[in-house]
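Heads up: the structure comes next, in structure tokens.
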Amino acid sequence: MSCWTRRGLLLALALGLALLVPMALSLGAAEKTRRSVGNGHGTGVTLRPDDSHGDGHGVNKTKKIFPVLTFDFAHVKIPFEISLWVLLASLMKLGFHLIPRLSSIVPESCLLIVVGLLVGGLMKLVGAAPPELQSDVFFLYLLPPIILDAGYFLPIRPFSENLGTILMFAVVGTLWNSFFIGGLLYAVCQIEGTDLKSIGLLPCFLFGSVISAVDPVAVLAVFEEIHINELLHILVFGESLLNDAVTVVLYHLFEEYSGLGMVTFLDVFLGVICFLVVSLGGVLVGAFYGLLAAFTSRFASHTRVIEPLFVFVYSYMSYLSAEVFHLSGIMALIACGAVMRPYVEANISHKSHTTTKYFLKMWSSVSETLIFIFLGVSTVAGLHSWNWTFVTVTIILCLVARVLGVMGLTFVINKFRIVKLTNKDQFIIAYGGLRGAIAFSLGYLLHPEEFPMRNMFLTTIITVVFFTVFVQGMTIRPLVDLLAVKKKQETKRSINEEIHTQFLDHLLTGIEDICGHYGHHHWKDKLNRFNKKYVKKCLIAGERSKEPQLIAFYHKMEMKQAIELVESGGGVKLPSAVPSTVSMQNIQPKKSNSERALPQISKSREEEIRKILRSNLQKTRQRLRSYNRHTLVGEPDEDGWNDLLLKRQKIMDMDKQISRMSNYLTVPAPPPESPTLSRSRLASDPQHYVPKPTLGNVPIIKVDLASPQSPEYVSVVDEFQKEAVPLKEEDEDAGGLTMKVPLGDPKKEEQEQQDGGKEQQRLMRCLSDPGPGGAEEEDEPFLP
Amino acid sequence: MGSSNSTLSKIPNLGRLIEETGFTPAHIKRLYKRFQALDKGNKGYLSPQDFGSVKELATNPIGDRIIGAFFSQGQETVDFHSFVRILAHFRPLDKNRAKRPDSPEPINSRISKLRFAFQLYDQDNDGKISRDELLQVLRTMLEMQVTEEQLESIADRTIQEADLDGDNAISFDEFRKSLEKVNIEHKMSSRFLH
């Protein structure tokens with residue numbers, strides 16, 4: 001089946017669904033009218049006995065044939081409609097990516113608006129009233145997921161380094177924009193010839209404040225696709241987030257006083273106070289909930305399944321709480337996400353972390369899609385009053401104001417910045433000031449009685465939004481390429497960068513102390529110390545609270561690499577003679593010397609073997625485990641981190657003792673220890689256990705899994721097998737883990753040490769497929 | 001302290017200092033004031049104990065290395081010139097400075113900054129960061145919170161990532177290469193010296 005037929009089918013499905021939506025709506029509407037006509041009292045069952053209009057609800061109980069199949073759409077109407085919309089949104093998203101050329105020219109947001117327009121048009125044709133984007137639906141349900149996603153994954157370092165610049169753009173820039181646009185619009189309105197005389201100064205300012213805010217949803221949607229460098233991205237995006245406080249205050253200020261027509265100096269002063277309260281209050285509320293969430297997650301280790309829920313619910317609560325007091329909900333949400341993230345990530349399991357990440361992305365993606373579609377639908381649905389002058393003047397003023405504002409502010413800001421903003425940067429910042437659904441929703445909230453020109457405002461807002469999204473959104477990508485703006489660097493951080501960056505941080509802090517300057521580094525250092533000393537102890541469970549950031553980073557990196565290794569095909573049988581091994585070190589694009597790599601190989605291969613084996617063996621295990629809704633199949637590593645670290649310590653001490661005790665350890669002689677200890681030692685943390693330098697004659701066991709007998713087992717190549725034999729005795733680092741070899745213990749696979757030949761045979765028997773019986777033994781997770 | 005002219009006139013070779021480091025006279029004056037504040041006995045030079053009086057340095061993991069960087073090989077004192085010259089490494093880059101082809105590399109260029117940082121790692125000055133030196137740095141940065149094995153594995157991994165010529169140590173070029181994505185101009189500049 002060619003891809004065209006598949007695409008065609010999918011598009012047909014999408015269109016069919018698009019038709020279904022208006023059908024469903026019209027059906028619902030028809031049902032509603034029928035019922036209301038029928039009852040005379042609106043929908044619902046009435047209890048009045050003298051209901052003579054009732055058909056089928058009334059008193060006359062004549063016997064009807066028992067209905068085998070009924071059609072009752074009304075009681076699922078609302079969820080049904082919502083699901084249809086969400087389904088439509090998702091199918092559209094799918095559909096666009098099937099046509100790659102289209103999605104590379106036109107940003108997704110534009111396409112979605114067009115779809116919205118089409119659906120709205122269809123609905124109008126069918127006769128159903130297309131729904132408008134209700135403000136409370138937007139602010140309470142559609143916007144929070146997007147902001148939470150942005151806040152939770154906000155890159156803190158560039159954000160805090162550029163905070164001054166961002167605040168300048170957000171606060172001063174938005175104020176400038178509002179007043180410039182508002183004022184000049186008023187001046188234009190006063191001109192003869194346009195019939196806009198009726199618009200007072202304050203409504204103009206109100207309109208200016210609504211239209212001037214850069215919209216985070218639109219910015220995210222467009223900037224995500226152009227992969228611009230981190231600095232510009234964080235500047236524009238940060239501005240779009242932080243200008244919410246300014247917008248809220250200005251909006252309420254002007255709305256309050258628009259009717260009265262006058263704003264005194266006191267009001268302005270109170271407005272400034274209000275701004276401080278709104279922004280700081282929002283941040284505090286968010287931080288409070290964030291700390292609560294972090295604290296709760298500390299105790300969540302026994303109910304891993306609901307861990308992601310805490311992240312979502314606490315964040316949503318912070319948004320709603322801020323909205324109760326008309327504080328800035330967006331800033332609350334950002335603060336909540338940013339504050340809780342480091343602690344929650346240290347506490348929750350790997351699976352929960354992945355779940356959180358994917359749920360956030362999913363919700364924010366669906367929200368964004370819905371917002372754009374609804375924008376399109378609302379355009380068709382709304383009553384419009386078009387006024388050429390007003391619209392064109394607004395668009396021109398928006399552009400001019402933005403450019404002037406950015407240029408002026410950059411001039412001032414560059415005096416304080418270490419890395420200055422170039423002209424190219426300024427252009428992108430100015431061009432990236434997109435307006436979006438927030439402006440529309442704020443306009444929608446205006447009362448028609450107080451603002452008779454509300455429809456005109458709405459029309460203009462929609463036009464500006466369309467203009468910015470379509471024109472600016474479509475052209476920004478070629479412009480970015482044309483101007484050769486630096487793009488985002490795709491590579492991940494290496495451990496070198498991490499270490500050196502921390503080193504340089506300390507260095508700069510020291511230099512600043514020598515200069516006697518309490519700069520950025522000084523305060524950051526103080527904050528880190530405070531964090532380490534008090535906060536982390538409270539909010540992070542167990543051992544992880546003492547784990548320094550570098551170690552956490554290292555863990556993450558090794559884990560990622562091991563997973564990649566397994567996924568990239570290191571998992572199945574490999575030809576044994578191939579010299580290029582699957583060792584992690586060797587995956588990196590350089591050859592490693594055999595002598596030098598010897599100590600490293602053992603750790604990494606142990607880790608890799610462990611992962612490979614686990615992925616194979618878990619298949620058998622999982623079949624046997626009973627299904628339990630409340631627990632997840634035990635993922636060995638993340639649950640056991642803390643225990644691992646503790647156990648490792650014990651193991652280390654034990655080993656020291658043992659190596660001191662016995663000079664010569666032969667494999668067949670069982671060392672004096674309990675089986676559990678040996679098993680736990682076997683399962684010791686692979687990344688950090690360095691084989692102790694034991695004395696020379698320890699015969700060590702090499703696991704050569706290139707056994708043809710067991711196809712399930714991975715054969716990890718060990719090319720050092722041949723040369724290693726003479727070297728081993730001398731090489732002190734090659735002292736392997738001591739072990740006991742009770743037959744039949746399948747955990748021996750994990751051992752990885754170099755060896756003499758006949759031990760191999762014994763091991764082969766150990767390694768043979770445990771079968772169902774063997775798997776039952778493994779009641780505890782693979783690594784205790 | 002008298003008028004600015006008299007302060008500046010106390011500093012010998014002012015012109016050459018400005019030329020070398022790129023500081024403005026106002027900066028030099030500020031730094032001189034700081035130098036005098038640190039110089040407790042009014043000796044005209046700084047000794048390690050004077051640096052020790054800066055108490056935040058005591059809690060800084062690499063505090064003693066930084067202090068050591070001010071004192072070049074074998075010397076016990078730092079005069080004002082060397083003080084300023086070291087601090088000049090942390091001056092923000094001036095992008096518009098014309099590059100004269102025969103002039104020496106400015107002190108605050110990216111390469112010089114990196115070289116300064118490299119020298120802090122490389123305590124024995126052999127031009128390479130050996131595994132032990134790296135371990136020492138890691139040990140001081142991570143203080144008592146990690147075990148030796150963890151440190152060693154991190155050190156091994158670090159060297160292995162950066163080492164291109166296989167000598168189990170990081171040379172200056174490898175150091176520079178591993179940091180090519182990091183914005184050194186930003187990370188190693190202090191606003192105070194702007």
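The values are calculated or read from the model by the stated rules, or taken from the named source; none is laboratory data. Model, not experiment: these values are computed from the prediction. Cβ sites come from the backbone with ideal geometry, for glycine too, and all protein chains shown count toward neighbours. We work out accessible area using only protein heavy atoms, side chains counted, and drop any ligands, DNA or RNA first. Shrake-Rupley method; radii C 1.70, N 1.55, O 1.52, S 1.80 Å.
Among the chymotrypsin sites (Phe, Trp or Tyr not before Pro) within the stretch A:348-391, those in coil by DSSP and having at most 15 neighbouring Cβ atoms inside 10 Å are A:386.
Its Kirkwood hydrodynamic radius, worked out from the mean inverse distance over all distinct Cα pairs, puts the stretch A:97-188 at 17.8 Å. Shown here for the stretch A:466-524: chymotrypsin sites (Phe, Trp or Tyr not before Pro) in loop regions (DSSP other than H, G, I, E, B) with at most 16 other Cβ atoms within 10 Å, namely A:518. Computed over the Cα atoms of the stretch A:125-179, the ratio of the radius of gyration to the Kirkwood radius (Rg/Rh) comes to 1.22. Residue-wise HN-Hα couplings along the stretch A:520-526, as the Karplus relation 6.51 cos²θ - 1.76 cosθ + 1.60 with θ = phi - 60° gives them from phi, are 3, 5, 4, 5, 5, 5, 4 Hz; Gly and Pro carry x.
Exceedance of the 18 Å cut-off in Cα-Cα distance is limited, within the set A:93/A:361; A:532/B:55; A:424/A:488; A:361/A:488; A:361/A:611; A:361/A:486, to A:532/B:55; A:361/A:488; A:361/A:611; A:361/A:486. Across every pair of non-identical alpha carbons in the stretch A:206-310, the mean reciprocal distance, once inverted, gives a Kirkwood radius of 16.9 Å. Taking the three principal axes of the alpha carbon atoms in the stretch A:162-228, the coordinate ranges are 47, 26, 14 Å, sorted in descending order. Under the criterion of Cα pairs below 8 Å and six or more residues apart, the relative contact order for the stretch A:135-483 equals 26 percent. Electrostatic bookkeeping for residue B:78 treats Lys and Arg as +1 and Asp and Glu as -1; over the other residues with beta carbon under 13 Å from its beta carbon, the sum is -1. Using the 1.4 Å probe convention, the accessible area of the stretch A:135-483 works out to 39 Å² per residue with neighbouring protein chains retained.
Pairing chain A with chain B buries about 5700 Å² of accessible area. This figure sums both sides and uses a 1.4 Å probe. Based on the Kirkwood approach, the hydrodynamic radius assigned to the stretch B:1-89 is 13.8 Å, with every pair of different Cα atoms included.
Under conditions of 10 °C and 1.306 mPa s, the stretch A:496-557 yields 123 µm² s⁻¹ as its translational diffusion coefficient, taking Rh as the Kirkwood radius over Cα pairs in the Stokes-Einstein equation. Determine the relative contact order of the stretch A:134-220: mean sequence separation of Cα pairs under 8 Å and six or more apart, normalised by residue count, in whole percent. For the stretch A:134-220, the relative contact order is 29 percent. Overall size of the stretch A:135-483 from C-alpha positions, given as principal axis extents largest first: 72, 46, 42 Å. Peptides A:168-175, A:341-348 ranked from most to least packed, by the mean per-residue count of other Cβ atoms within 10 Å: A:341-348, A:168-175.
Simple rule: put +1 on each Lys or Arg Cβ and -1 on each Asp or Glu Cβ in the stretch A:135-483, find the dipole, and look at A:443, A:366, A:251; the Cα lying farthest toward the positive end is A:366.
Taking every residue in B:174-184 and counting other chain Cβ atoms within 10 Å of its Cβ, the average works out to 3. The distance separating the Cα centre of the stretch A:403-481 from that of the stretch B:122-194 comes to 44 Å.
Rounded to the nearest whole Hz, the Karplus-based 3J(HN,Hα) values (6.51 cos²θ - 1.76 cosθ + 1.60, θ = phi - 60°) of the stretch B:113-121 follow the sequence 4, 5, 5, 4, 4, 4, 5, 5, 6, with x at glycine and proline. Charge tally for residue A:308 (other residues, Cβ to Cβ under 10 Å; Lys, Arg +1; Asp, Glu -1): +2. Among the GluC sites (Glu not before Pro) in the stretch B:13-86, those located in a DSSP loop and surrounded by at most 13 other Cβ atoms within 10 Å of their own Cβ are B:76.
Count Lys and Arg as plus one, Asp and Glu as minus one, and take only other residues whose Cβ is under 14 Å from that of residue A:113; the net charge is then -1. Once Rh is set to the Kirkwood radius over Cα pairs, what Stokes-Einstein translational diffusion coefficient, in µm²/s, holds for chain B at a temperature of 10 °C and a viscosity of 1.306 mPa s? The estimated diffusion coefficient comes to 85 µm²/s. Peptide A:203-211 is shielded by partner chain Cβ atoms: per residue, an average of 0 of them sit within 10 Å of its Cβ.
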